[in-house]
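Enquirer: Let me give you the structure first, and then I'll get to my questions.
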Amino acid sequence: MRLPGFYNLSVEERLIKVAEIAKLDEEEVKLIKSSSKLPLEIANRMIENVIGTFELPLAIATNFLIDGKDYLIPMVIEEPSVVAAASNAAKMAREGGGFFTDFTAPLMIGQIQLVDIKNPYLAKFEILKNKEEIISKANECDPILLKLGGGCKDLEVRIIDTIFGKIVVVHLLVDVRDAMGANAVNTMCEKVAPIIARIAGGRALLRIISNLAVYRLARAKAVFRKEVIGGEEVVDGIMKAYAFAEADPFRCATHNKGIMNGISALMIATGNDFRAVEAGAHGYSAINGYKPLTKYEVDKKGDLVGFIELPIQAGVIGGATQTNPIARICLKILGVKSGEELARVAAALGLAQNFAALRALATEGIQRGHMELHARNIAIMAGAKGKEIDIVAEKMVRDGKVRLDYAKEILEKMKSSQSSC
């Protein structure tokens, strides 16, 4: 719908306009106005055309022992069973020493696309010959980052075949320290693009960060003792479930989605760009054909050993990590001191989430535990309040009919029974 000048209106005026068009009633408008602890004046400066804020549940995953340190992990997510599954998996992992992690470096890639290059291999040679000049010019953009030990550290040159012929792509490798790094990297790309184009004898087109952060990898490992997770049969079932994901991209997509259930929930809670992390994770899994981000083996004791490796482009400074007050509080709850530590925690959480899903699938099936929690949402949708929610949910699960119509039927009978007393 065309709304000229909408962006120039105040938050209140925008909401009134939307309410008129969408025919929102007074109660609905009131809900939008009072829906968050994020001040509207801050929200209005974070994105465009703001009319309010939107809340999701904020929960804490417990039992996590990572590199010998206990963590409370904040998660923002609407899907039932995710937080409970992660906490349960972490509890089982503690018996094997918890999670052990590794991290490469906070290196992000900035891409500069060069087109109209007549001699791409000569261009590559000349760019690499002038590497130090290019890096020096890039580092003029952010002296503070440089002072903190970050900055542009290296560059790569790739020649790619496209439908328009060969193009030359230059990668700036930038250490962004404790930030996600998009602004710093994009600024550097803009700065050096004209210099690189001149050296290459062509024209610079795209100048932007890549979310496939292959040099910013987080890894985690955990040992799940067979007697803790249900015995040899469960270990074997998980291995076969993992093999399914390894062999089939249709299953692998859901396998990896489950991993990101946890990681994205943590990224949202801490004010990070969860879409960038999602894109990087799925891109990384597809480099050599779409594969699981986790791996599993059985050690000589018969215990299950899980591994995960993926890019985590997360920070503890900049962006919404600082402007959103709840994100700041979540970082305080988590207790991480650096972007690296946050990435390590995220990797452990992703592994826990995946193990929990595979164990559920290989034993009772994913639906039972999920539906027990989902039933509460259905009860609320039916109009249940307070203690009614648990009563209706429990009956739906017990009867194996977790449906809105059945929830309304149960609730109606409860109210009829109460009114007749």
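Computed from the coordinates by the stated procedures, all read-outs in this text should not be read as laboratory data. The structure presented is a predicted model; accordingly, all values stated were derived computationally and were not measured. Neighbour counts are summed over all protein chains in view; Cβ atoms, including those assigned to glycine, are modelled from backbone coordinates with ideal geometry.
Enquirer: In whole Hz, what ³J(HN,Hα) sequence does region 401-415 give by Karplus (6.51, -1.76, 1.60; θ = phi - 60°), x for Gly and Pro?
Expert: 10, 8, 9, 5, 5, 6, 4, 5, 5, 4, 5, 5, 5, 4, 5
Enquirer: Specify the residue with the greatest mean-square fluctuation among GLY231, GLY96, GLY165, computed from a Gaussian network of the chain linking alpha-carbon atoms under 10 Å apart.
Expert: For the chain, modelled as a Gaussian network with Cα springs under 10 Å, the answer is GLY165.
Enquirer: Quick one: angle between helix 232-247 and the longest Cα principal axis of the chain, in degrees between 0 and 90, rounded to 10, please.
Expert: Value to nearest ten degrees: 50.
Enquirer: Can you compute the modelled spin-label distance between VAL305 and GLU55, with each label point 7 Å from Cα toward Cβ, in nm?
Expert: 4.6
Enquirer: If you stretched the chain out fully between ILE32 and LYS332, how much longer would it get, using 0.36 nm times the residue separation minus the C-alpha to C-alpha distance?
Expert: 105.2 nm
Enquirer: For a quick check: sort LYS385, LYS226 by the number of other beta carbons within 10 angstrom, fewest at the front. Write down the numbers at each step before the final one.
Expert: Details: LYS385 9, LYS226 19.
By the 10 Å Cβ count, ascending: LYS385, LYS226.
Enquirer: Summing Lys, Arg as +1 and Asp, Glu as -1, what charge do residues with Cβ under 11 Å from the Cβ of CYS152 carry, CYS152 excluded?
Expert: After counting each charged neighbour, the total is -1.
Enquirer: Could you list, in their original order, any pairs among LYS91/LYS332; LYS69/LYS332; LYS387/LYS413; LYS37/LYS332; LYS129/LYS153 whose Cα atoms are separated by more than 19 Å?
Expert: LYS91/LYS332
Enquirer: State the volume of the convex hull built on the alpha-carbon positions of the chain, expressed per residue in Å³ and rounded to an integer.
Expert: Cα convex hull per residue, to the nearest whole number: 203 Å³.
Enquirer: What is the sum of charges, Lys and Arg at +1 and Asp and Glu at -1, for the other residues whose Cβ falls under 14 Å from the Cβ of ASN261?
Expert: -2
Enquirer: Please state the shape class of region 6-46: rounded when a/c is under 1.5, otherwise prolate if a/b exceeds b/c and oblate if not, all from the C-alpha gyration tensor.
Expert: Cα axes put region 6-46 in the oblate bin.
Enquirer: Which of rounded, prolate or oblate describes region 1-131 when judged by the alpha-carbon gyration tensor and an a/c cut-off of 1.5?
Expert: oblate
Enquirer: Further question: Taking neighbour counts of Cβ atoms within 10 Å as a proxy for exposure, in what order, fewest first, do SER210, SER417 appear?
Expert: SER417, SER210
Enquirer: On to the next question. Separation between the LEU9 and ARG275 pseudo-spin-labels, each 7 Å from Cα along Cα→Cβ, expressed in nm?
Expert: Each label point lies 7 Å from its Cα, and together they span 2.3 nm.
Enquirer: Work out from phi, with θ = phi - 60° and the Karplus expression 6.51 cos²θ - 1.76 cosθ + 1.60, the ³J(HN,Hα) of each residue of region 55-72, listed in order in whole Hz, and give x for Gly and Pro.
Expert: Per residue, the Karplus-derived 3J(HN,Hα) values read 9, 10, x, 10, 10, 10, 8, 10, 6, 7, 10, 10, 6, x, 10, 7, 10, 9 Hz.
Enquirer: Around TYR296, under 12 Å between beta carbons, what's the net of Lys plus Arg minus Asp minus Glu among the other residues?
Expert: -1
Enquirer: Oh, and also: In which sequence would ASP178, ASP70 go, from the one with the fewest C-beta neighbours within 10 Å to the one with the most?
Expert: So the ranking, lowest neighbour count to highest, is ASP70, ASP178.
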